[in-house]
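Student: Pasting a structure here, questions to come.
We did not get these values from a lab; they are worked out from the coordinates using the rules stated. The structure presented is a predicted model; accordingly, all values stated were derived computationally and were not measured. Please note: Cβ atoms are built from the backbone with ideal geometry, for glycine as well, and neighbour counts cover all protein chains shown.
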Amino acid sequence: MSAAACTTAPAPPPFKPIADTKVLMQSVVDPNADVVWDSVKTIITAAGTEEIRPRTEEEWTIVRNSAITLAESGNLMMMVPRAKDGGEWMARAKEFIDASESAIRAAEAKSADRLFDSGGAIYEACSRCHQQYVDAIVKANQ
């Protein structure tokens, strides 16, 4: 083994987080989650039933891009200074990434049913994290 092999590890990448977690949620996660959630739904009124689904290649691409943005946002939530801890926070972020990746695959397959299910999984991942972290912060500040 050479002396060079024993030197310190390379410097970490020069990440420069700009937005805190709240701003990341407001500016990136929320609007893109809304695109996924609003992309598949059924509206029933006295006038009849309307099925909302992506229909064109452009509409499917918009949903796919929003799902990709969500998945990558999960990675951003794992970065210091946003990461609250190395355990549950990382597990919740990974759950969010996995659910978002499922939405990517559903959009690529042009499967409205899978996209609807993935939207539910994204919602559940968000809810579990909020229950654990956001609700605790609100209660602590009351």
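Student: Here's a check for you: in region 38-65, which residue that is under 20 Å from the mean Cα position of the chain (by Cα) and of a type in the set (A, V, I, L, M) is farthest from Leu115 (Cα to Cα)?
Tutor: Of the residues in region 38-65, the ones under 20 Å from the mean Cα position of the chain (by Cα) are 38-41, 54, 59-65.
The next check asks that each one be of a type in the set (A, V, I, L, M); those that pass are 40, 62-63.
Numbers: Val40: 7, Ile62: 13, Val63: 9 Å.
This residue is Ile62.
Student: Let me ask something else. Go over the candidates Ile43, Ile62 one by one and state the one that is among the hydrophobic types (A, V, I, L, M, F, W, C) and in a strand (DSSP E or B). Lay out the reasoning, then the answer.
Tutor: Values: Ile62 fails: in a strand (DSSP E or B).
Unique residue meeting the criteria: Ile43.
Student: Right, Val134: among the β-branched types (Val, Ile, Thr) and loosely packed, with under 13 Cβ neighbours inside 10 Å or not?
Tutor: no
Student: Let me ask something additional. I'm told Lys41 meets every condition in (1) in contact with a strand residue (DSSP E or B) (Cβ under 9 Å, 6 or more places away or on another chain); (2) crowded, with 19+ Cβ neighbours inside 10 Å; (3) basic (Lys, Arg) except one. Can you identify the failing condition by its number?
Tutor: Every listed condition holds for Lys41 apart from (2).
Student: Here is a follow-up. Considering only region 55-103, state which residues are closer than 26 Å to Pro13 by Cα and of a type in the set (Phe, Trp, Tyr).
Tutor: Scanning region 55-103 gives Trp89, Phe96.
Student: Continuing with the same structure: Considering region 87-117 alone, what residues qualify as being of a type in the set (Val, Ile, Thr) and either in contact with a Pro (Cβ under 7 Å, 6 or more places away or on another chain) or not in a helix (DSSP H, G or I) (or both)? Can you show your working first?
Tutor: Filtering region 87-117 down to residues of a type in the set (Val, Ile, Thr) leaves 97, 104.
Matches in region 87-117: none.
Student: List, please: which pairs have Cβ atoms under 8 Å, are six or more places apart or on different chains, and start with a residue in region 9-34 that is more than 24 Å from Gly119 (Cα to Cα) and end with one that is surrounded by 11 or more Cβ atoms within 10 Å (Cβ to Cβ)?
Tutor: Phe15/Met79; Pro17/Leu76; Pro17/Met79; Pro17/Arg82; Ala19/Ser27; Ala19/Val28; Asp20/Arg82
Student: Looking at (1) touching a Gly at 6+ places or on another chain (Cβ under 9 Å); (2) more than 19 Å from Tyr123 (Cα to Cα), which is the only condition Pro54 fails?
Tutor: Tallying (1) touching a Gly at 6+ places or on another chain (Cβ under 9 Å); (2) more than 19 Å from Tyr123 (Cα to Cα), Pro54 fails exactly one: (1).
Student: So for region 13-23 (the condition being surrounded by 10 or more Cβ atoms within 10 Å (Cβ to Cβ), in contact with a Phe, Trp or Tyr (Cβ under 9 Å, 6 or more places away or on another chain) and part of a loop (DSSP other than H, G, I, E, B)), does at least one residue qualify?
Tutor: No, that holds for no residue.
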